[in-house]
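Below you'll find the structure, written out as structure tokens, and then a few comments.
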Amino acid sequence: MIAERETLEQRSLLPTNFGSSRAVHNDLREMLDGVKISKSGIPVQKILIPEPMGFCAGVEMAINTLNEVVKQFPDRNLIGYHGIVHNPYVIGKFEEQGVNFVDEVSDAPADSIVVLSPHGTAPQVIEKAKQDGRSVIDTVCPLVTKVHNEAKRMVEEGRIIIYIGHEGHDEAEGVRGYVPPENFYLVESEEEIDELAKNLSPELPVAILTQTTLAQGTWQPIAEAVKKYWPDVWSAPKKDVCYATTNRQEAVERLVQEQGAEIVLVVTSEQSSNGKALVYKAVEAGVESFLIKTVEDLSEIKDSLLNKVVGITAGASTPAQQVAEVIAGLSPENGIEFMEGVVEEQKFHLPKELQQLINEQIK
Ligand code: SF4
């Protein structure tokens, strides 16, 4: 199968029917329409696409915001903080449109427009970004804001925060900013809880917060370990892992256990926590799984793919084009099947700062 690469790359990064997970499926279907079957791809038996997959509402909102900023403010210095989303493919598309990306807000020029990522940003960093005449637009996902609010409330109650997440991840750094350093413990394993218990009194009031993008198999044993030492621990009643993470993981589980995928490819990036969680989930469900960044990665796993039923999903920051380009490297004997699953209707409003900035420009 050969994708018409130029056509794919010219398309918008957003689904046409913005705000619904089925839109990602529809976009992918459209992109694959007219794509010719070629014998030059790696021969596989069939391709299965689960639902949902790809963009979540938080990422859509952030990308739509930056698209709007590019359109409305062509003469300003436009800066994305921390890549906006964890996907070099998306970042590259914005760089082509003149957006520069920085890892330190102090590196953003004075008077620039700085767009912060949906993973959330520490309040101290936001304050710094606002200095020197910079305009700041915060695309923090409301579901991450929920965790920030929980952190603030737990601090007010005098609790120690045990945060289950990845060290150095943007979301973890954002939450850390809401908690005094001496009250914040980031943990990635049950062993770290055992170590922590040697130094923290069992009498202390403790709360568990969780990164929104973790696999259940990752956070649950750690949370259980915390409960062993601090039985009265507070944790979010409906847990912090978000709907998009949960739905994509459950779709992968169905793909393997009910729909017959013999191997699962996850189109995502090395930086994507939820993308890596999908690989973990597929392996947990019983098949081989690989993180795929571009179609070039397929040649390295050719032997694993040959004549298999291949499930292909994508992380929450992966656009449909990127998936279509990977699919173009395979030749499915029995075609591509789109599985039906959970349809997500979540849609998040664009940040109020964007409208304010547009209004200021009109005055
Ligand atoms: Fe929001 Fe979940 Fe998407 Fe993160 S993965 S941006 S929490 S919807």
| request: Assess whether Leu298 counts as being more than 20 Å from the chain's Cα centre (by Cα), at pLDDT 95 or above and buried (at least 18 other Cβ atoms within 10 Å of the Cβ). | output: yes
| said: If Val266 meets every condition in (1) away from the ligand (no atom under 16 Å from the Cβ); (2) within 27 Å of Gly58 (Cβ to Cβ); (3) free of Cβ contacts under 8 Å to residues at least 60 places away in the same chain apart from one, which number is that one? | reply: (1)
| query | In the set Glu173, Glu127, Glu156, Glu182, which member is more than 22 Å from Glu224 (Cα to Cα) and within 15 Å of the ligand (Cβ to nearest atom)? | reply | Glu173
| Subset of the range 307-363 that is small (Gly, Ala, Ser) and surrounded by fewer than 17 Cβ atoms within 10 Å (Cβ to Cβ) - its residue that is nearest to the ligand (Cβ to nearest atom) | Gly335
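Conditions (1) of a type in the set (A, V, I, L, M, F, W, C); (2) at pLDDT 95 or above, marked per residue:
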residue	(1), (2)
Pro88	no, no
Lys93	no, no
Phe101	yes, yes
Ser117	no, yes
Gly120	no, yes
Val125	yes, yes
Lys128	no, yes
Asp138	no, yes
| task | Please note which helices (runs of 4 or more DSSP H) are completely contained in the range 117-196 and include at least 2 residues that are under 24 Å from Thr245 (Cβ atoms) and touching a helix residue (DSSP H, G or I) at 6+ places or on another chain (Cβ under 7 Å). | result | 142-156, 170-176
| query | Within the range 77-89, is even one residue closer than 21 Å to Asn274 by Cα, away from the ligand (no atom under 16 Å from the Cβ) and either hydroxyl-bearing (Ser, Thr, Tyr) or buried (at least 20 other Cβ atoms within 10 Å of the Cβ) (or both)? | reply | yes
| message | Within the range 204-223, does at least one residue satisfy the condition of being surrounded by fewer than 20 Cβ atoms within 10 Å (Cβ to Cβ) and part of a loop (DSSP other than H, G, I, E, B)? | response | yes
| request: Kindly indicate whether Pro109 is more than 19 Å from the chain's Cα centre (by Cα), at pLDDT 95 or above and part of a loop (DSSP other than H, G, I, E, B). | output: yes
| query | Since Ser331 meets every condition but one in (1) more than 16 Å from Leu32 (Cα to Cα); (2) not in a loop (DSSP other than H, G, I, E, B), which condition does it not meet? | reply | (1)
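The values are calculated or read from the model by the stated rules, or taken from the named source; none is laboratory data. Quantities reported herein were computed from a predicted structural model and do not represent experimental measurements. Positions of Cβ are generated from backbone atoms using ideal geometry, with glycine treated the same way; all protein chains shown enter the neighbour counts.
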